[in-house]
Amino acid sequence: MLNWSLATEGFSFVVIFVLLLFTHRRTYLPGFRLRGHLLSLYLSLASIALNMLCVYTIEAAAYLPLWLNLALNSLYFFLILLLSTRMALYILQLILEHTYNPRALKLGKRVLAVLMVVFLLLIVWNLQSGVLFYFNSAMEYQRGPLNQVGYAFLLVQLGVVVFCFFRYQSSVSSPVRKLMSIMPPLVVILTLFQYLFPEQLLNGAILAIVHLILYISFQSSSNEVDALTGLGNRNSFYEELTQRTVRKEGFHLVLLSLQRFIQINRRFGHRTGDLFLYEVGAFLSRSAPGAKAFRFGNVEFAVLFPGADPQESQRHFQTVCQRFQQPWKLGEKKSALSACFVEYCHSSPIWGPTQLLENLVHGLRLARQAPDRVVRFDQTVISALQRRAHLLDLLRQSIRERRFQVYYQPVQDLERGGFLTAEALVRLRDLDGTPVPPGEFIPLAEESGMIDKITWIVLEEVCRFLNTPEGQGLESVSVNLSMQQFADPSLAQRIHGIMAGHGLPHRRIKLEITERVLLNDREHMSAMMKEMSAQGFGFYLDDFGTGYSNLSSILDLPFEGIKLDKSIIDTFPANHRAATLVQACVALCHTFGTEIIVEGVETAEQADALARLGADRLQGYFYARPMPGEELAPLLPQGDRL
């Protein structure tokens with residue numbers, strides 16, 4: 001019979017207990033990271049305590065009932081099995097946190113569950129067979145032939161974790177990478193040492209080391225605190241919102257975003273700018289009893305006040321707003337800090353924490369545009385946000401199901417007569433068939449990043465239409481591209497692939513871009529446009545005259561046509577200045593060999609005046625509204641013009 005040393009187990013118990021105390025000091029709602037870590041800590045303490053108890057009962061086996069030793073040692077084997085499975089699952093969740101592949105986690109859970117069931121059956125079978133352990137006639141503890149199989153199960157679980165890490169390592173976070181570079185080799189070495197020297201009980205030491213690594217990597221306060229201000233960071237802000245909403249607690253929340261703070265950095269330097277940010281955070285954290293402040297962005301702060309009493313909430317909000325009407329001082333340095341504000345009172349659940357955080361951030365964007373720089377989440381704003389959330393869901397569903405429609409607005413060719421080209425415009429209907437205005441869903445699609453997928457759906461549909469008998473009468477159709485398309489280095493190849501799949505030459509599609517797109521990265525855009533132009537793609541500059549336009553766009557970039565925005569001719573031709581501006585634009589474009597297309601033509605007077613000035617093509621309600629392809633076909637020239 002072995003004589004076990006309990007020194008390492010006792011020391012490990014103390015270490016894990018201290019970690020548990022520090023972990024419990026956190027005030028945020030346990031997310032999966034904290035829940036998994038807490039459960040593992042409790043199981044570790046229980047298994048170490050039970051292991052030490054089993055050593056004493058084994059030594060006193062002659063004086064105790066056999067069933068007691070069998071029960072305690074079987075329970076210890078089960079706890080070790082449960083603990084290793086829980087920790088393997090926890091690390092799997094960390095590895096797969098950013099993979100967005102729920103099937104991978106489900107498969108990992110199933111594998112771990114199968115291993116756990118197999119070992120559990122082995123523990124039950126041991127009560128009759130003694131394959132893991134038994135007590136001889138002298139009541140001495142004896143290892144069974146499969147006593148070491150637990151280490152094999154541990155290594156298999158570790159293998160599952162390591163396999164998932166290498167399978168999805170491209171999306172694994174840096175802290176998890178560090179964890180996986182340290183923990184598996186260390187566990188293997190310590191397990192091998194325990195196997196070779198069974199008289200040294202190292203199970204607790206292995207657990208303590210693993211927990212220390214996990215705590216330092218994922219549970220220490222530095223992961224939840226902003227280093228500059230000492231306030232909670234974005235993660236802890238989200239956890240706090242989750243805590244309050246899950247517990248259905250009322251709270252009052254004020255968000256603020258400092259405006260033009262770059263001027264503070266330029267005036268005083270970044271070090272002093274950081275001190276101003278610290279002062280803002282310090283004020284918010286002590287602005288009211290029980291207030292909890294967070295810095296969740298570069299110059300964005302939030303402060304949570306307990307309770308949601310309207311009068312008290314108003315006092316809190318006024319306290320914060322009034323402070324920013326006064327100068328801020330750092331020694332002899334003094335400056336005003338302007339900010340925009342969002343106020344939200346939570347008394348009953350409207351949104352979950354994720355949706356709430358998204359709406360609050362959107363509220364800050366609205367506050368920056370508001371005349372008084374304040375947005376209060378009243379019923380009007382809440383209804384607007386609910387509408388926004390509905391449209392986001394509608395856009396996602398419409399992308400999945402390709403529910404978008406493409407309408408075509410024909411363009412009148414003044415030289416040859418008739419409609420020879422058209423512009424493709426995307427349209428969307430709600431699930432009940434109600435049309436959704438383009439001015440409502442297109443900006444939202446751009447903001448959410450879904451405009452990219454929508455554009456490809458539109459381009460595919462336009463190519464399909466041009467390849468049908470109904471679309472044969474069109475020389476070309478122009479399609480709007482967004483900034484996201486030009487961020488893709490394979491843009492030309494992708495467009496070529498779609499057009500080639502429909503047997504269309506490049507000249508049948510014209511690519512419309514606004515100068516707002518050009519401002520994103522002028523050099524990159526210029527190089528890409530010139531390369532694509534050499535391949536036969538044609539470009540139109542859309543919305544010319546809306547404020548972004550300048551002459552260098554016409555001089556430097558290969559535009560076939562310039563589209564004058566509707567805002568230029570709203571008062572044309574009655575307004576002399578508008579007439580002079582249109583005449584100058586037409587003359588300038590023709591000087592550089594560029595066609596001029598005028599949008600928004602609504603009257604015969606405008607059409608006649610534009611024709612006299614020499615405009616090449618006209619587009620607007622005077623000629624035709626946007627329409628489905630089947631309605632456009634009868635308006636097109638008969639015969640093959642291509």
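Pick out, from segment 280-357, the strands (runs of 3 or more DSSP E) lying fully within it that include 2 or more residues that are among the small types (Gly, Ala, Ser) and modelled with pLDDT of 90 or more. Break it down stepwise before answering.
Working: elements: 292-295, 300-306, 328-330, 333-335, 338-346.
By residue number, 338-346.
Looking at segment 23-51, I want the residues that are modelled with pLDDT of 75 or more and have a partner that is buried (at least 16 other Cβ atoms within 10 Å of the Cβ) and among the aromatic types (Phe, Trp, Tyr) with Cβ atoms under 6 Å, at least 6 apart or on another chain. Which pairs are those?
Close Cβ pairs (under 6 Å, with a partner that is buried (at least 16 other Cβ atoms within 10 Å of the Cβ) and among the aromatic types (Phe, Trp, Tyr)) amount to 48/13; 50/76; 51/76.
Kindly list the number of the only condition in (1) among the polar types (S, T, N, Q); (2) surrounded by fewer than 19 Cβ atoms within 10 Å (Cβ to Cβ); (3) in contact (Cβ under 8 Å) with a residue 12 or more places away in the chain; (4) not in a helix (DSSP H, G or I) that fails for residue 478.
Residue 478 satisfies all of (1) among the polar types (S, T, N, Q); (2) surrounded by fewer than 19 Cβ atoms within 10 Å (Cβ to Cβ); (3) in contact (Cβ under 8 Å) with a residue 12 or more places away in the chain; (4) not in a helix (DSSP H, G or I) except (2).
Residue-by-condition table, conditions (1) among the aliphatic types (A, V, I, L, M); (2) within 23 Å of residue 89 (Cβ to Cβ); (3) in a helix (DSSP H, G or I); (4) in contact (Cβ under 8 Å) with a residue 40 or more places away in the chain:
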{"position": "126", "(1), (2), (3), (4)": "no, no, yes, yes"}
{"position": "150", "(1), (2), (3), (4)": "no, yes, yes, yes"}
{"position": "176", "(1), (2), (3), (4)": "yes, yes, yes, yes"}
{"position": "208", "(1), (2), (3), (4)": "yes, yes, yes, yes"}
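Scan segment 385-428 residue by residue and report those that are open to solvent by 60 Å² or more (accessible area, probe 1.4 Å) and in a helix (DSSP H, G or I).
Within segment 385-428, 386, 387, 390, 393, 396, 400, 401 meet the criteria.
Of the conditions (1) open to solvent by less than 60 Å² (accessible area, probe 1.4 Å); (2) under 29 Å from residue 169 (Cβ atoms), residue 144 satisfies every one except a single condition; which number is it?
Failing condition for residue 144: (2).
With the requirement that a residue be open to solvent by 20 Å² or more (accessible area, probe 1.4 Å) and at pLDDT 90 or above, what does segment 221-268 give you?
Across segment 221-268, the qualifying residues are 259, 260, 262, 263, 265, 266, 267, 268.
Considering only helices (runs of 4 or more DSSP H) fully contained in segment 521-620, which possess at least 1 residues that are farther than 24 Å from residue 482 by Cα and either in contact with a Lys or Arg (Cβ under 6 Å, 6 or more places away or on another chain) or charged (D, E, K, R) (or both)?
Fully inside segment 521-620 and qualifying: 576-591, 604-613.
Can you tell me which residue is farthest from residue 283 (Cα to Cα) among those in segment 229-242 that are in contact with a Gly (Cβ under 8 Å, 6 or more places away or on another chain) and in contact (Cβ under 8 Å) with a residue 60 or more places away in the chain?
242
Sort out which residues of segment 43-90 are over 33 Å from the mean Cα position of the chain (by Cα), closer than 30 Å to residue 239 by Cβ and open to solvent by 30 Å² or more (accessible area, probe 1.4 Å), and write them in order of number. Step through it out loud before you land on a result.
Taking segment 43-90 first, the residues over 33 Å from the mean Cα position of the chain (by Cα) are 43-82.
Remaining after also requiring closer than 30 Å to residue 239 by Cβ: 43-48, 79, 82.
Across segment 43-90, the qualifying residues are 46, 82.
The values are calculated or read from the model by the stated rules, or taken from the named source; none is laboratory data. Predicted model only: the values in this text are computed from it and were never measured. Glycine gets a Cβ as well: all are built from the backbone with ideal geometry, and neighbour counts include every protein chain shown. Ligands, DNA and RNA are excluded from the accessible area calculation, which covers all protein heavy atoms including side chains. Shrake-Rupley method; radii C 1.70, N 1.55, O 1.52, S 1.80 Å.
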